[in-house]
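Laboratory data are not the source of any read-out in this text; all were calculated from the coordinates shown. Here the structure is a predicted model, which means the values were calculated and not measured. Here the Cβ positions follow ideal geometry from the backbone for every residue, glycine too, while neighbour counts run over all protein chains shown.
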Amino acid sequence: MTLRGQNGSLPRVYYSAAMTRLSLFAILCLATTALPGQGVRSLDRGSFTITVNGQRVGREDFSISGTPGASGMEYLSKATVVYGDKRMNPSLWSDSSGVPSRYTIDVKGTSGASERWMGRIGRGRVSAQIDNARGPSEREYVVTEGAVLVDDDVFHQYYFVAQRVAQGSIPIVIPRRNAQMVLRASEGGSEKLTVGAASIEAKHLVFTEPSGATRDVWIDASGRVIKVAIPARNVIALRDDPPSS
């Protein structure tokens, strides 16, 4: 039986208990919204088939996600790349413009040889630790402030290079070579590409190295990489399926 006051309202003790339960419920709701991982959004996810001279040599499965941080969006891009006799697992942390803060990559060969590269990038310097068959070593070198990172044989990382095309000149860090170069960017117009069973309108971007060699990148209207071609090596990486809407 429920007790009520003369005017039909709940007695003060019942009212207080009910309000306490409501307050606890509100606190739990707030705690739930603040759980770690909330706010993570996917920027791109997919896979590339890698060919050399028209022959399939590998595959790259990748994801790029963003998480709100103290100074804006923080990106994490990672992949599993099987290329020839190598298996690579790169992970890149960067800000929303693609400027890297940390990078790791594990490389394993079919012969059992392996390499691990771990580095931090900031204030115009790269500080890296490398562990391979020759033993552990360290590298530190100066890079241009605001450079983006593009590792050899990793193709989804051109997402960040494509974002800079309007700048004209784009400094890139090539971590496992302990090197840097500046790419000259230009636009090559729009083209239709066949991806899976779909036809996609893609913008063709051309990035020219100091040597004159080019790296061609095709992106969709959202800036997601559809295809990468490196003519000097006869390498093409093409997405297996259209990007998700």
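Computed values, structure above
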read-out	value
Net dipole in debye of the range 53-159 [+1 Lys, Arg Cβ; -1 Asp, Glu Cβ; about Cα centre; nearest 20]	160 debye
Residue-by-residue Karplus 3J(HN,Hα) for the range 142-149, coefficients 6.51, -1.76, 1.60, Hz, glycine and proline x	8, 9, 5, 4, x, 5, 9, 10
Amide H partners (placed H, <5 Å) of Ile226, local residues excluded	Trp218, Ile219, Asp220
Whole-Å distance, taken between Cα centres, linking the range 200-245 and the range 104-173	20 Å
Net charge dipole size for the range 100-245 [Lys, Arg +1 and Asp, Glu -1 on Cβ; Debye, nearest 20]	300 debye
Qualifying aspartates and glutamates (Cα of each under 14 Å from Cα of Lys192; at least 8 residues distant if same chain)	Glu201, Asp220
Under the Karplus curve 6.51 cos²θ - 1.76 cosθ + 1.60, θ = phi - 60°, whole-Hz ³J(HN,Hα) for the range 107-119, x wherever Gly or Pro sits	10, 10, x, 5, 7, x, 5, 9, 8, 10, 10, 10, x
Protection proxy ranking, peptides 80-93, 60-73, 125-138, 146-159, average beta carbon neighbours within 10 Å, highest first	146-159, 80-93, 60-73, 125-138
Proximal lysines to Lys86, defined as alpha-carbon separation beneath 22 angstrom and excluding residues fewer than eight positions away on the same chain	Lys78, Lys108, Lys227
Gln55-Glu140 FRET efficiency (beta carbon distance; Förster radius 30 Å; 0.05 resolution)	0.15
Dimensionless Rg ratio for the range 41-239, taking C-alpha atoms and the 2.2 N^0.38 Å reference	1.00
